[in-house]
Each structure stands twice: as C-alpha cells, then as structure tokens.
C-alpha cells in the first residue's frame with residue numbers, strides 16, 4: 001500500500017519552527033512511500049488499526065526536558081492532524097532516557113533505541129511531569145469514543161505483567177523541527193484505565209513509530 005505523501009511547504013516549516021514551544025509535537029517529514037507508521041492489534045476484542053497518511057493520520061514526535069528533571073522525555077503520537085485534546089482513536093507513547101544527563105553531545109541514540117532495551121512502566125497518577133526516573137514508559141490511548149485511557153493508572157501487578165519490546169530500529173528523516181528521528185518497530189502489551197481504580201482495558205499492539213532524539 002502506497003501512503004499518501006505528506007508535503008510540508010517551506011512557509012509551513014518556517015512557521016512551525018518559529019512557533020514551537022517545549023513539548024510541542026511535529027511530524028517527521030514523510031517523503032518515502034515505503035516507510036509506514038502504523039498500529040495494528042486488539043482492543044476490547046476488536047481489531048484496531050491506524051496508519052500515518054491514511055484518513056488524515058500523522059506521526060508526530062518530539063524530544064524535550066521537563067522542568068526540574070535531569071533526563072530527556074521522548075513523545076510520539078499517532079493521531080489525526082489538527083486534532084487537539086483527546087483525539088479519538090489515537091495512541092501516544094512516552095519514554096524517558098537511559099540516564100540522568102541532558103547534555104546533547106553525550107546522548108547515545110544507539111543506547112536509547114535498540115532491541116535489547118528494557119523499559120519499566122511508570123505507575124504514577126499524580127505527577128504532571130510524567131516520569132520520576134530514567135528507563136520508563138507510559139502509554140496514553142484514546143478510544144473511538146474519545147475516552148482517554150492511560151497505563152499510568154495500572155496497579156503494580158498489572159505493570160509487572162505489561163511489556164514494550166523494540167523489534168527493529170532504522171534511521172529516518174529529520175522532522176520539521178530539525179530533530180533527527182528513528183523508525184522504531186515494537187510490540188506492546190499493557191493495561192490501561194481512565195482513572196485510578198477504574199475499569200481495566202488491555203492493549204495488544206504491534207506498531208512502528210517515529211521517535212525524535214537529541215543530536216548536536
């Protein structure tokens with residue numbers, strides 16, 4: 001299947017670069033029809049599938065440092081363009097860096113993204129900063145009704161049973177913010193809830209996301 005090409009004009013790129021704030025998301029410059037960012041799997045016993053370039057979906061990515069934290073946060077979202085807030089049928093993945101160091105010159109992308117990396121699911125429903133430490137992951141999923149579910153509301157036992165496995169990593173295009181990106185193929189199983197102690201749902205997904213990373 002050939003993706004619709006996503007064309008970003010020079011004017012739009014300049015606008016995005018001039019208006020970017022910390023944590024704002026930008027799409028990788030998708031110009032290669034052979035590369036696909038996708039999610040396929042099972043949610044509530046039903047098949048769930050979305051793909052960048054189809055039905056208005058884009059792959060957004062960013063890397064930034066939260067206030068008072070000493071590591072990088074990596075955020076990637078597969079959602080529809082021009083959608084803000086809880087975008088129905090969308091998935092966001094957040095990763096924290098492998099060590100406490102925000103020096104861009106010392107960042108090692110091969111250590112961050114490889115098939116032997118292990119991430120622990122963070123279970124912290126209170127902190128607005130997302131992560132408390134390094135080597136963590138959490139997932140936000142918005143179902144087709146617009147209800148946001150998060151892995152951060154899992155119990156400790158549910159977190160121990162969840163996993164995020166990187167199966168392949170390839171270099172990809174520079175995104176609209178000038179950040180280098182990697183295409184990361186993965187397998188994801190985790191529990192998600194809308195509140196603390198809420199009804200538990202589960203996600204069984206295979207996917208490929210674009211992740212921006214810091215570089216000199």
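What nm value, rounded to one decimal, do you get for the distance between residue 101 and residue 55 when each label is placed 7 Å out toward the C-beta?
Here the modelled spin labels are 4.3 nm apart.
Quick one: P(r) of the stretch 105-194 from all Cα-Cα pairs, 10 Å bins, percents rounded to integers, in order of increasing distance.
Pair shares across the bins are 15, 38, 36, 11, 0.
Compute the distance in nm between two label points, each set 7 Å from the Cα along the Cα-to-Cβ direction, one at residue 86 and one at residue 194.
Roughly 0.6 nm, to one decimal.
Laboratory data are not the source of any read-out in this text; all were calculated from the coordinates shown. Computed from a prediction, not measured in an experiment: that's the story for all the values here. Please note: Cβ atoms are built from the backbone with ideal geometry, for glycine as well, and neighbour counts cover all protein chains shown.
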